[in-house]
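Have a look at the structure below, then the notes.
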Amino acid sequence: MKVKFDIECTPEEARQFFGLPDVAPMQEKLMAELQERLEENIRAVSAEELIKTWMPATMQGFGEMQKMFWQQMGMQGAKKAEDKDA
């Protein structure tokens, strides 16, 4: 035997029926604070500051990668020269 109930109610009505707390005011307060912090951080960070922060690290990493590439190419060239001499 199956029994099926269809109850139409809003989420607020369901919370009240089951005795759950109303968290809407807390969520609104937290979202307002989060929005304020995000806007503050966005104002503090400009594109120019991001470029200054990221570029030196990126260029240094690129330079190291280039050095490793040229070292490997130099070693390969030296091995080929040794093979030809032998």
- Message: Regarding the stretch 30-46, can at least one residue be identified that is touching an Asp or Glu at 6+ places or on another chain (Cβ under 7 Å), surrounded by 10 or more Cβ atoms within 10 Å (Cβ to Cβ) and part of a helix (DSSP H, G or I)?
- Response: no
- Take the stretch 1-19 and flag every residue that is outside any helix (DSSP H, G or I) and surrounded by 10 or more Cβ atoms within 10 Å (Cβ to Cβ). Cys9
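Rule-based calculations on the coordinates, nothing more; no lab input. Values in this document were obtained by computation on a predicted structure and should not be read as measured data. Every residue, glycine among them, receives a Cβ derived from its backbone with ideal geometry; neighbour counts consider all protein chains shown.
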